[in-house]
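So the structure is just underneath, and the comments pick up after that.
Values in this text are rule-based calculations from the coordinates and carry no lab data. This structure is a prediction, so every number in the text was calculated from the model and none was measured. Backbone-built Cβ (ideal geometry, glycine too); neighbour counts: all protein chains shown.
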Amino acid sequence: MTSHVLDLAGAGIGPFNLSLAAQLDSVPELAVRFFERRPSFAWHPGMMLPGAEMQTSILKDLVTATNPTSPWSFLSYLVAHKRFYQFLNAEYEAVPRKEFADYLGWVARGLTSLRRKRARSPCQ
Ligand SMILES: Cc1cc2nc3c(=O)[nH]c(=O)nc-3n(C[C@H](O)[C@H](O)[C@H](O)COP(=O)(O)OP(=O)(O)OC[C@H]3O[C@@H](n4cnc5c(N)ncnc54)[C@H](O)[C@@H]3O)c2cc1C
């Protein structure tokens with residue numbers, strides 16, 4: 001029989017809970033779920049202005065400070081998208097917010113503990 005008892009439930013999937021979900025992905029013995037009211041992940045939709053850059057280090061991603069070997073780091077995202085060497089050689093001073101938002105979306109799509117509101121469902 002499948003148990004539906006959770007150790008942790010989170011309301012909303014913004015960077016805060018996404019970080020928690022990514023951290024807990026390496027703790028499979030915990031049953032965790034995060035619930036988002038939007039149908040898909042979006043970080044400040046409508047605010048991805050052209051040329052806007054992050055003001056924080058890429059090491060301040062969702063996981064690196066506490067779990068540098070996590071598969072959900074920004075560097076893992078670059079490798080998965082075959083952008084690591086390009087990124088390294090370009091020596092960017094800052095990451096575009098659009099790219100960081102894409103990183104966050106990549107993590108959100110990869111984690112199995114996340115649940116979103118179903119699109120066009122009249123019951124939700
Ligand atoms: C315009 C703007 C630009 C910013 N730029 C940066 C930046 O460049 N760098 C930086 O470090 N910080 C930036 N910030 C700070 C920002 O607060 C954080 O980046 C981050 O978005 C905070 O994450 P969060 O998860 O706490 O909240 P949010 O990003 O607000 O996410 C909350 C999520 O919870 C969902 N939700 C809320 N209530 C419910 C509910 N009852 N049920 C289900 N889902 C729910 C929402 O739909 C949303 O997806 C910026 C903030 C703003 C407003």
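Highest mobility in the GNM of the chain, judged by mean-square fluctuation with C-alpha springs under 10 Å and restricted to Gly12, Gly110, Gly46, is found for Gly46. For the pair Glu91 and Val5, the difference between a 0.36 nm per residue extended length and the Cα-Cα distance amounts to 26.3 nm.
Take each of the peptides 95-103, 81-89, 22-30, average the number of other beta-carbon atoms within 10 Å over its residues, and list them starting from the highest. Display every interim value, and only then the final one.
Values: 95-103: 18.8, 81-89: 11.9, 22-30: 14.0.
The peptides rank, most packed first, as 95-103, 22-30, 81-89.
Modelled spin-label separation between Ala65 and Glu53, with each label point placed 7 Å from Cα along the Cα-to-Cβ direction: 2.2 nm. Projecting the Cα atoms of Ser19, Leu78, Pro45 onto the charge dipole of the chain, computed from C-beta unit charges around the Cα centre, puts Pro45 farthest toward the positive end. Rg over Rh for the chain works out to 1.00, both radii taken from alpha-carbon positions and Rh defined as the Kirkwood radius. For the options Glu53, Glu36, Glu93, a Gaussian network treatment of the chain with springs between C-alpha atoms closer than 10 Å singles out Glu93 as fluctuating the most.
Within the shell defined by Cβ-Cβ distances under 13 Å, the residues around Val95 carry a net charge of -2, with Lys and Arg each +1 and Asp and Glu each -1.
For segment 8-116, the relative contact order works out to 39 percent when only alpha carbon pairs closer than 8 Å and six or more residues apart are counted.
For segment 48-100, averaging the sequence separation of C-alpha pairs within contact (under 8 Å, six or more residues apart) and dividing by the residue count gives a relative contact order of 53 percent. About its Cα centre, the chain has a charge dipole of approximately 700 debye under the convention of +1 per Lys or Arg Cβ and -1 per Asp or Glu Cβ, with nothing else charged.
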